[in-house]
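Take a look at the structure below.
The values are calculated or read from the model by the stated rules, or taken from the named source; none is laboratory data. Everything quoted here is computed from the prediction, not taken from an experiment. All Cβ positions, even for glycine, are placed from backbone atoms using ideal geometry, and neighbour counts span all protein chains on display.
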Amino acid sequence: MKETITFEDFQKVDIRIGTIIEVNDFPKARIPAYKLKIDFGALGIKNSSAQITALYSKEELIGIQVTAVVNFKKKQIANFFSECLVLGIYNSKNEVVLLKSSKHNIKNGEQVL
């Protein structure tokens, strides 16, 4: 278990819902990944690198809503700048499963509370 944090620490993390609008291969990534463009409504469109190639095809990702941390500093991965962190969890086969809303059509940019 990680160290205990305060509720105020948690409130610093900005977690939002966004819709994937574009998916491209990322051959320069060390671990297989996609380059994603995610629409966060009023927050704009953000890029992310996501290691989700084992369970998701590019085609099935278009239009799905994902949960992401949007207030990290940009991170350079090879020749790409990731602007947000799409949230997921490893399954028993060490594949990333996306965390997403159980309901559809949440307004892009809505904050996770």
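Considering only residues that are in contact with a strand residue (DSSP E or B) (Cβ under 9 Å, 6 or more places away or on another chain) and part of a loop (DSSP other than H, G, I, E, B), look in region 85-94 and name the one that is nearest to residue 43 (Cα to Cα).
87
Please give the number of the condition residue 51 fails out of (1) closer than 19 Å to residue 13 by Cα; (2) under 13 Å from the mean Cα position of the chain (by Cα); (3) surrounded by fewer than 19 Cβ atoms within 10 Å (Cβ to Cβ).
The one condition residue 51 does not meet is (1).
Among the residues of region 72-80, are any in contact with a Phe, Trp or Tyr (Cβ under 6 Å, 6 or more places away or on another chain) and not in a strand (DSSP E or B)?
Yes: one or more hits.
Quick grid of which residues meet (1) among the charged types (D, E, K, R); (2) closer than 19 Å to residue 104 by Cα:
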position	(1), (2)
12	yes, no
17	no, yes
21	no, yes
33	no, no
40	no, yes
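Okay, residues lined up against (1) out of contact with any Leu (no Cβ under 8 Å at 6 or more places or on another chain); (2) at pLDDT below 95; (3) within 25 Å of residue 7 (Cβ to Cβ); (4) among the hydroxyl-bearing types (Ser, Thr, Tyr):
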| position | (1), (2), (3), (4) |
| --- | --- |
| 33 | yes, no, no, no |
| 56 | no, no, no, yes |
| 60 | yes, no, no, no |
| 88 | no, no, yes, no |
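Given the residues 20, 38, which is the only one that is among the aliphatic types (A, V, I, L, M), assigned to a strand (DSSP E or B), out of contact with any Leu (no Cβ under 7 Å at 6 or more places or on another chain) and touching a residue at least 40 places away in the same chain (Cβ under 8 Å)?
Within the list 20, 38, the selection yields 38.
Going by the structure shown, is residue 37 touching a strand residue (DSSP E or B) at 6+ places or on another chain (Cβ under 7 Å), of a type outside the set (Val, Ile, Thr) and farther than 25 Å from residue 113 by Cβ?
So residue 37 passes the test.
For region 90-113, enumerate the residues that are of a type in the set (A, V, I, L, M), at pLDDT 95 or above and farther than 13 Å from residue 38 by Cβ.
Correct list: 96, 97.
Does region 1-37 hold any residues that are closer than 25 Å to residue 93 by Cβ and aliphatic (A, V, I, L, M), and which are they?
1, 20, 23, 29, 31, 33, 36
Is one or more of the residues making up region 63-84 without any contact (Cβ under 8 Å) to a residue 12 or more places away in the chain, among the β-branched types (Val, Ile, Thr) and either in contact with a strand residue (DSSP E or B) (Cβ under 8 Å, 6 or more places away or on another chain) or exposed (fewer than 13 other Cβ atoms within 10 Å of the Cβ) (or both)?
No, every residue in region 63-84 fails to be without any contact (Cβ under 8 Å) to a residue 12 or more places away in the chain, among the β-branched types (Val, Ile, Thr) and either in contact with a strand residue (DSSP E or B) (Cβ under 8 Å, 6 or more places away or on another chain) or exposed (fewer than 13 other Cβ atoms within 10 Å of the Cβ) (or both).
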